[in-house]
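K.L.:
I am attaching a structure below and will ask some questions about it afterwards.
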Amino acid sequence: PSCGGPPPPPRRLAFRLDSPDLQPAIPDRGMSLAQLKRFAAECRREVREQQVLDTRAFLDKERCTPNPNHNKVLDFDSAPTWLVVELFVKPATQRRRCPFVDVMAARWPDLGGPRRTTHFLSHSWQQCFVHDLEAVEFLGESSNVWMCCFAMTQDSSRLELLQDNEVFAEALVAEETVAQVLVLDERVTALTRLWVLFEVLRSHEHHKPMMISPPELLARSPLICSGIQLELADAAKSEDRDYILSEFDKVGLRSVNSTVRLAVQHALQRSLSEAELKYGPRSQQVAIASKNMGILLEKLYRLEESESAFRHSLDIQVELLGPHADEVAKTRNLLGCVLRSLGRLQEAEEEIQQALILSRDIGGQECAAAAQSLSDLGIVDAMASRFGSAEEKHRAALAIRLKLFGEDNADVAFSCTNLARVLLSSRSDEALALRRRALGIQRVLFGARSLVVALQLMDLGDALWLSGDLAEAEGSFFLALGICQEQLPQDHVHTARAYGSLGNVSLDLGKLTEAEEFYTRALSMRLRFYGPNHPDVARACGNLGRVYQLQAKYKEAKAVQRKALSARIAAYGLWHHEVARSIHFVGQALKSEGKADLALEEFQRALKIRAMVFRGPFQELITSHRDIGDVMHEQGQYESAVRSYQRALAVAKKCKPSDVPELQGLVAHARTASQLSMASIDSPSRSTPLCQISHAGPVTLVEQGADSRIASKTTEGSATVGRNVAPKEMAWNTISCVSFFMLLFPAPKVIGKAHMHSSS
């Protein structure tokens, strides 16, 4: 009061015990498992006694799937949570207009009222209510679960969220709440609800552990290889969506996904431990849990641990089911894929071949499991440079999958991807079409920001890069990089691949500084991930070496190319096309240093390996013959140079002109060498270095990614085709050289300005 007297006594508010304004505090609205089970039992009894009908006309919110039990007696055990709320929760709280937890004490005197929350449940109301209850049974009887349908008022005029978007957070972040429990169904519906993702965000910010249940669903869910995708989730109100997305922007999706990945790993570990305790260490349940753990570890590129998990699962399955069981075949195939990733190709081929034989014996020649094994064997063949066999297997796998599943299927998309990788060097147009086809399927099935789509974008970028569409290729690579940064840990190998791809585009655009930066990032990530003796490390070294060479840093170029060669020999042995590539790169570095004799030796070593491993017209053979011809040309060995160019042109003749963008340069090389060879007959002492003759210039090879393909591309400062020869040489050109060219290319098509690129 203004007179300065004592303050008035505080106002006292009186409520009746059944007043709707007298409600428990938010953290005190938990329910025990016994209370949840009592509620479900009463609902079943009510359905049975009162013949409660299923009022849903459709089973899905999109109203696409008709409900065969419409207006029939409800099957409570398959009812979604939203229907349970409408039929049972709202009628129970209608009179008092309060949360269900506030009527429990009067309803069940023996079980008491609401409890202090220990676990916060995040789920979708589209999920089956009974399945969600079963998913939290692992928490034990001492836990008290916060479920929004029971903890929040369901009266439309008293919804707490009308005044406070985050009233639920009091229960989630309370000190007594030990963890958030994310409950999934087969379709991972929970991750399509923005409010569920918002709960994941707040849990992450307050360092609450996340538990995912049931863990056995994880092996079949996108979470096994990806994370949260915000564009797949929605909210009923646009203002809610805007608010939630703005809160995610403050924290960053990558940070939240790190929590999700850790929860996935812990869930599978819990599943394995519980199976061992409940069923014994040599049970089928342990074999399944161990296999699921192996799948996760493979996705995380913890390959040695994944191999161990698969071998443990396989050992138990052979013991319990026998060596010819279907599950044994599937696990053998998974083990073979891990061995393939480890570079142990012979072991991988043996395991996958056994899986293929078993699958055909069990399911027939054209079963889904056989298609999977054929596809995986095709990848092994490609890694071993058996490209013809790889193409045959991938086409067979694609045909089976199209017959079984139709066009819009994930396995069909993967078959398109694998076939495109094999065709990238020899039939780039078909490869590009296959990649676009696969990308369209995967965007629909997995979401536009999924890791699967990111990898496909990088594959598509490689094909676009080969075709010379640098702008679209760069866009694909940047989009893939952004997804990898959202979905993966820092310094992951997929992120490294995106950086390497961007380095290739920058190199083509003449941005050597940017290319060096991208390649250096890719190399450092791969070194940390793999160590020095891995093929991807070799590719990164090779790319960086090419930049050094273009920057005239020949010493650095030679050093890093030798590291690439050492890594490839350790991974593949000597007789492999990637080893030949590294040897060729070392030769290019030596040639740039002016050491022509040493360079020629390296080029010839590379050619010997390529001639052994390639069966068909590959650009790498053209490159070897051409570069050998260049060195001999510079040394004045014109007749030998002509023979090398002839060999290059003979290989090029078997390719489509669009697949040999350096064709005009090759013809110019052969023509010039032939002219000088004829001239040297009259003047043996004459020797003109190749660098003083106008021609199409040397070729730089760039490599990248998992496909390990090559095409040629021009370097900076290369000269253009021109004429600067004596009249006698010109006369030879009019007769002999034109005849030579027409012999090899009877009706050559005019080739416009070609983009000369390499592929991963």
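The values are calculated or read from the model by the stated rules, or taken from the named source; none is laboratory data. No experiment lies behind these values; they were computed from the predicted model shown. Reconstructed Cβ throughout: ideal geometry from the backbone, glycine too, with neighbour counts over all protein chains shown. In case anyone asks, the SASA skips ligands and DNA or RNA and just uses the protein heavy atoms, side chains included. Shrake-Rupley method; radii C 1.70, N 1.55, O 1.52, S 1.80 Å.
K.L.:
Any residue at all in segment 560-576 that's of a type in the set (A, V, I, L, M), farther than 19 Å from S385 by Cα, part of a helix (DSSP H, G or I) and open to solvent by less than 10 Å² (accessible area, probe 1.4 Å)?
P.N.:
From segment 560-576, those of a type in the set (A, V, I, L, M) are 560, 564-565, 567, 569-571, 574; that's our starting set.
Now narrow it down to the ones that are farther than 19 Å from S385 by Cα: 560.
Next cut, part of a helix (DSSP H, G or I) only: 560.
Within this subset, residues satisfying the condition of being open to solvent by less than 10 Å² (accessible area, probe 1.4 Å) are none.
No.
K.L.:
While we're here: Of T55, T117, which residue is in contact with a His (Cβ under 9 Å, 6 or more places away or on another chain) and either part of a loop (DSSP other than H, G, I, E, B) or at pLDDT below 90 (or both)? Can you show your working first?
P.N.:
On the way: T117 fails: in contact with a His (Cβ under 9 Å, 6 or more places away or on another chain).
Testing whether each residue is in contact with a His (Cβ under 9 Å, 6 or more places away or on another chain) and either part of a loop (DSSP other than H, G, I, E, B) or at pLDDT below 90 (or both) leaves just T55.
K.L.:
Is there any pair linking a residue in segment 522-541 that is at positive phi to one that is crowded, with 24+ Cβ neighbours inside 10 Å and not aliphatic (A, V, I, L, M), with Cβ under 8 Å and at least six apart or on different chains, and which?
P.N.:
Going by the 8 Å Cβ cut-off, there are no qualifying pairs.
K.L.:
Report whether or not R360 is surrounded by fewer than 19 Cβ atoms within 10 Å (Cβ to Cβ) and within 18 Å of L374 (Cβ to Cβ).
P.N.:
Yes, satisfied.
K.L.:
Take the conditions more than 29 Å from E274 (Cα to Cα), under 34 Å from the mean Cα position of the chain (by Cα), modelled with pLDDT of 85 or more and open to solvent by less than 40 Å² (accessible area, probe 1.4 Å) and apply them to F129. Does it pass? So that I can check it myself, show each step before the final result.
P.N.:
Values: more than 29 Å from E274 (Cα to Cα): no; under 34 Å from the mean Cα position of the chain (by Cα): yes; modelled with pLDDT of 85 or more: yes; open to solvent by less than 40 Å² (accessible area, probe 1.4 Å): yes.
Spelling it out, it is not the case that F129 is more than 29 Å from E274 (Cα to Cα), under 34 Å from the mean Cα position of the chain (by Cα), modelled with pLDDT of 85 or more and open to solvent by less than 40 Å² (accessible area, probe 1.4 Å).
K.L.:
Just for segment 87-114: of the residues that are assigned to a loop (DSSP other than H, G, I, E, B) and closer than 18 Å to P27 by Cα, which one is farthest from the chain's Cα centre (by Cα)? Lay out the reasoning, then the answer.
P.N.:
Filtering segment 87-114 for residues assigned to a loop (DSSP other than H, G, I, E, B) gives 94-99, 108-114.
From what's left, closer than 18 Å to P27 by Cα: 98-99, 112-114.
Values: C98: 47, P99: 44, G112: 50, G113: 48, P114: 45 Å.
The extreme case among them is G112.
K.L.:
Anything in segment 297-352 that is within 22 Å of the chain's Cα centre (by Cα) and polar (S, T, N, Q)? List them, or say none.
P.N.:
Once the filter is applied, which keeps residues that are within 22 Å of the chain's Cα centre (by Cα) and polar (S, T, N, Q), segment 297-352 yields S306, T331, N333, S341.
K.L.:
V422 passes all but one of (1) open to solvent by 60 Å² or more (accessible area, probe 1.4 Å); (2) of a type outside the set (G, A, S); (3) at pLDDT below 90; (4) assigned to a helix (DSSP H, G or I); which number fails?
P.N.:
Tallying (1) open to solvent by 60 Å² or more (accessible area, probe 1.4 Å); (2) of a type outside the set (G, A, S); (3) at pLDDT below 90; (4) assigned to a helix (DSSP H, G or I), V422 fails exactly one: (1).
K.L.:
Please enumerate the residues belonging to segment 512-522 that are surrounded by 20 or more Cβ atoms within 10 Å (Cβ to Cβ) and either more than 18 Å from F478 (Cα to Cα) or touching a Phe, Trp or Tyr at 6+ places or on another chain (Cβ under 7 Å) (or both). Steps first, answer last, please.
P.N.:
Taking segment 512-522 as the starting set, the residues that turn out to be surrounded by 20 or more Cβ atoms within 10 Å (Cβ to Cβ) are 515-516, 518-519, 522.
Passing the criteria: F518, A522.
K.L.:
Go through segment 273-299 and report how many residues are out of contact with any Lys or Arg (no Cβ under 8 Å at 6 or more places or on another chain), modelled with pLDDT of 85 or more and either closer than 19 Å to V493 by Cβ or open to solvent by 40 Å² or more (accessible area, probe 1.4 Å) (or both).
P.N.:
Counting residues in segment 273-299 that are out of contact with any Lys or Arg (no Cβ under 8 Å at 6 or more places or on another chain), modelled with pLDDT of 85 or more and either closer than 19 Å to V493 by Cβ or open to solvent by 40 Å² or more (accessible area, probe 1.4 Å) (or both) gives 14.
K.L.:
On to the next question. Can you tell me which residue is farthest from S426 (Cα to Cα) among those in segment 391-411 that are of a type in the set (D, E) and buried (at least 17 other Cβ atoms within 10 Å of the Cβ)?
P.N.:
Our first condition is that a residue be of a type in the set (D, E); within segment 391-411, this holds for 391-392, 407-408, 411.
After this cut, where a residue has to be buried (at least 17 other Cβ atoms within 10 Å of the Cβ) as well, the list is 391, 411.
On the way: E391: 11, D411: 24 Å.
Within segment 391-411, the match that is farthest from S426 (Cα to Cα) is D411.
K.L.:
Here's something else I'd like to know. Of everything in segment 164-208, what is among the charged types (D, E, K, R) and farther than 17 Å from T81 by Cα? Give them in sequence order.
P.N.:
Start the filter on segment 164-208 by keeping residues that are among the charged types (D, E, K, R), which leaves 164, 166, 170, 175-176, 185-187, 193, 199, 202, 205, 208.
Matches in segment 164-208: D164, E166, E170, E175, E176, E199, R202, E205, K208.
K.L.:
Sticking with this one: For L197, all conditions in the list (1) at pLDDT below 80; (2) within 26 Å of G482 (Cβ to Cβ); (3) not in a loop (DSSP other than H, G, I, E, B) hold save one; what is the number of the exception?
P.N.:
The failed condition is (1).
K.L.:
Checking R63 against (1) open to solvent by 70 Å² or more (accessible area, probe 1.4 Å); (2) part of a loop (DSSP other than H, G, I, E, B); (3) under 24 Å from A135 (Cβ atoms), only one condition comes out false. Which one?
P.N.:
The single condition R63 does not satisfy is (3).
K.L.:
Working only within segment 429-451, note down all residues that are over 15 Å from the mean Cα position of the chain (by Cα), surrounded by 23 or more Cβ atoms within 10 Å (Cβ to Cβ) and either charged (D, E, K, R) or more than 18 Å from S389 (Cα to Cα) (or both).
P.N.:
L434
K.L.:
Scan segment 34-64 for residues that are among the aliphatic types (A, V, I, L, M), over 10 Å from L74 (Cβ atoms) and free of Cβ contacts under 8 Å to residues at least 60 places away in the same chain and report the count.
P.N.:
Qualifying residue count, segment 34-64: 3.
K.L.:
Further question: Here are the criteria: (1) in a helix (DSSP H, G or I); (2) of a type in the set (G, A, S); (3) open to solvent by 10 Å² or more (accessible area, probe 1.4 Å). Tell me which single one G343 does not satisfy.
P.N.:
(1)
K.L.:
Determine which member of the set A263, A287, A329 is within 24 Å of S213 (Cβ to Cβ), small (G, A, S) and touching a Ser or Thr at 6+ places or on another chain (Cβ under 7 Å).
P.N.:
After ruling out the rest, the residue left standing is A287.
K.L.:
Of all residues in segment 364-390, which are in a helix (DSSP H, G or I), over 15 Å from N333 (Cα atoms) and open to solvent by 50 Å² or more (accessible area, probe 1.4 Å)?
P.N.:
If the condition is that a residue be in a helix (DSSP H, G or I), over 15 Å from N333 (Cα atoms) and open to solvent by 50 Å² or more (accessible area, probe 1.4 Å), then M383, G388 are the ones that fit.
K.L.:
For segment 301-321, which positions are assigned to a loop (DSSP other than H, G, I, E, B) and either in contact (Cβ under 8 Å) with a residue 12 or more places away in the chain or open to solvent by less than 20 Å² (accessible area, probe 1.4 Å) (or both)? Steps first, please.
P.N.:
Taking segment 301-321 as the starting set, the residues that turn out to be assigned to a loop (DSSP other than H, G, I, E, B) are 301-302.
Residue satisfying the conditions is Y301 alone.
K.L.:
Report whether or not H633 is more than 34 Å from the chain's Cα centre (by Cα), part of a helix (DSSP H, G or I) and modelled with pLDDT of 70 or more.
P.N.:
Details: more than 34 Å from the chain's Cα centre (by Cα): yes; part of a helix (DSSP H, G or I): yes; modelled with pLDDT of 70 or more: yes.
The answer is yes for H633.
K.L.:
Let me ask another. Right, V101: touching a helix residue (DSSP H, G or I) at 6+ places or on another chain (Cβ under 6 Å), open to solvent by less than 10 Å² (accessible area, probe 1.4 Å) and either over 25 Å from E239 (Cβ atoms) or at pLDDT 90 or above (or both) or not?
P.N.:
Values: touching a helix residue (DSSP H, G or I) at 6+ places or on another chain (Cβ under 6 Å): yes; open to solvent by less than 10 Å² (accessible area, probe 1.4 Å): yes; either over 25 Å from E239 (Cβ atoms) or at pLDDT 90 or above (or both): yes.
In short, yes.
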